[in-house]
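Scroll down for the structure; my scribbles are underneath it.
Values quoted throughout were computed directly from the atomic coordinates according to the rules given, and no laboratory measurement underlies them. All values reported here derive from a predicted model rather than from experimental measurement. Positions of Cβ are backbone-derived with ideal geometry, glycine not excepted, and every protein chain shown enters the neighbour counts.
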Protein chains: 2
Amino acid sequence: MTYTITEVAAKFGLSAYTIRYYDKAGILPFVRRNQAGNRQFDEVDVDWLRLVCCLKNTGMALKDIKAYSDLARQGSDTGAARQAMLRQHKQAVLQQIADLQANLELIETKIDFYADPQNKALMDHLKELEQQHRA
Amino acid sequence: MTYTITEVAAKFGLSAYTIRYYDKAGILPFVRRNQAGNRQFDEVDVDWLRLVCCLKNTGMALKDIKAYSDLARQGSDTGAARQAMLRQHKQAVLQQIADLQANLELIETKIDFYADPQNKALMDHLKELEQQHRA
DNA sequence: TTATCACTTAGAGTTAACTCTAAGTCAAGC
DNA sequence: GCTTGACTTAGAGTTAACTCTAAGTGATAA
């Protein structure tokens, strides 16, 4: 089973433009062409693109995904280097999650602040003071 | 206690350029100037910038932070609207965390794959087959 | 009082990641 | 045989978010 660029784009919620951009950028190392010169994606390519999207969606820059792809293109003896990149990226993702959770607390605190009628009254009062002060 | 733009920039790990850019963009509604025309940040401004950074770091676009700031500038009777924005953003952040955690699983699967010596041998074999196939 | 330094402005330049345009090719259907 | 439609290319254009430059101001130190 093979897929056209349009089918693959739809599968991953990307545009065909984006897929071609990724291919130009060198991060789709294995995609082949049919006799007409059109890109023909097989299961290996789809799996590869799934990982590319995963890395992109977790904040890896395309130039780093390119570096990872270059390792893959070089052959199976780069496995250790690729694993090292993924380990490092895993730590970055864990840090992102921790940062989001910390930021979430501030957002929740703000929401609670607006929800509290006592703070509402306080805010009205502060606002009056501020307006006087800043006038 | 007040702060200069350089002090505030350092406090939040931003450049002074970025702070001015935010001010130009209208997302620092309360910052005043001293007699020389220089920005003078008080505790209210620092607290505001902390929230701005929180929203930015959780993926809110500056135009949306601008919309939030415009509400704040309009006065305390926009509290409900601001709370609604924060509630919606909270959901977006929860979704981001869930997405990161899902992607993390794929990354971990890949790391484990590279770590398994059986897969290493399998990969070497597949690679040979692929090279023959793609030659 | 002259130099230095931190700030000011408007506006130009940069970067990443797309996003699209124009012109062309190829296979399928009428 | 001709049109239609999905693909191809190179390269230009877009957007968000900075990032910097140039020219100028005002307060402090030698």
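By how many degrees, between 0 and 90 and to the nearest 10, does the Cα long axis of helix A:117-134 differ from the longest principal axis of chain A? On a 0 to 90 degree scale, this one is about 80.
Over the protein assembly as shown, DSSP H runs of length four or greater, each weighted -39,500 (n - 2.57), average out per residue to a 222 nm ellipticity of -24500 deg cm²/dmol. Compute the distance from the alpha-carbon center of the stretch B:3-22 to that of the stretch A:55-77, in whole Å. That distance is 34 Å. Computed from the Kirkwood radius of its Cα pairs, the Stokes-Einstein diffusion coefficient for the protein assembly as shown at 4 °C and 1.567 mPa s stands at 58 µm²/s. Where chain A is rotated onto chain B, the residue of A whose Cβ comes nearest the axis, and that gap in whole Å, is A:I97, 3.
How many angstrom lie between the Cα centre of the stretch B:27-51 and the Cα centre of the stretch A:88-113? The distance from the Cα centre of the stretch B:27-51 to that of the stretch A:88-113 comes to 26 Å. Using Cβ point charges alone (K and R +1, D and E -1), the dipole size of the protein assembly as shown about the Cα centre works out to roughly 960 debye. Taking each residue as 0.36 nm, the span from B:A84 to B:F30 lengthens on full extension beyond its C-alpha to C-alpha distance by 17.3 nm.
Across the copies of the chain, B:R32 has label points (7 Å from Cα along Cα→Cβ) spaced 7.3 nm apart, shortest distance listed first.
When the pairs A:K63/B:K90; A:K63/B:K24; A:K56/B:K90; B:K56/B:K90; A:K63/B:K110 are compared against a 24 Å limit on Cα-Cα distance, A:K63/B:K90; A:K63/B:K24 fall above it.
When the Cα convex hull of the stretch A:31-83 is projected onto planes of every orientation, the mean area is 4.3 nm².
Label-point distances for A:T78 to the equivalent site in the other copies, using a point 7 angstrom along Cα→C-beta, read 5.1 nm when ranked shortest first. Based on the convex hull around the alpha carbon atoms, chain B presents an average projected area of 13.8 nm². For the peptide A:40-51, the mean number of other protein chain Cβ atoms found within 10 angstrom of a residue's Cβ is 1. Once both axes come from the Cα atoms, what is the angle between helix A:62-74 and the longest principal axis of chain A, in degrees from 0 to 90, rounded to 10? Orientation of helix A:62-74: about 30 degrees from the principal axis.
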